[in-house]
Amino acid sequence: MEAIRKSGLKLIYEHGFEAMSLRQLAAEVGIQVGSLYNHISTKEDLLYDLIRTHMDELFLQFDAAMAAVEGQGPEERLRAFVAFHVTYHIVRKREVFIGASELRSLEPNHYEEI
């Protein structure tokens, strides 16, 4: 599943969600297309999983960064937030890009949850 997530992230980043095919994903991972369904139900479920995982990690790391400056003044907290924000967006540029640009491709119930 980790290989599918990693390859899905790469392909969606490079081609966009709508243009990425499950055939491409299977080839990238080195499995048959039908074997993908042992791991994901639909292409949209993969997208939802990628965005949800990204958002969970974003909030987890944000909370940790802000806890490190708890009790400090507003200037220090703002500096910590900016440093976190910039660093996170540089290190996880694919996840951030997909999280921002592919929300429109989620089904309404997944969109609402995210």
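Taking helices (runs of 4 or more DSSP H) as the structural unit, those lying wholly within the range 1-105 and holding at least 2 residues that are open to solvent by 50 Å² or more (accessible area, probe 1.4 Å) correspond to 2-15, 22-29, 43-67, 74-91, 93-101. Residue check: Ile4 meets all listed conditions (1) touching a residue at least 12 places away in the same chain (Cβ under 8 Å); (2) in contact with an Asp or Glu (Cβ under 6 Å, 6 or more places away or on another chain) but one, namely (2). Taken over the range 13-32, the residue count meeting the criterion of being in contact (Cβ under 8 Å) with a residue 40 or more places away in the chain and charged (D, E, K, R) is 1.
The values are calculated or read from the model by the stated rules, or taken from the named source; none is laboratory data. On a predicted model such as this, the values are computed, not experimentally measured, just so you know. So basically every Cβ, Gly included, is an ideal-geometry build from the backbone, and we count neighbours across all protein chains shown. We work out accessible area using only protein heavy atoms, side chains counted, and drop any ligands, DNA or RNA first. Shrake-Rupley method; radii C 1.70, N 1.55, O 1.52, S 1.80 Å.
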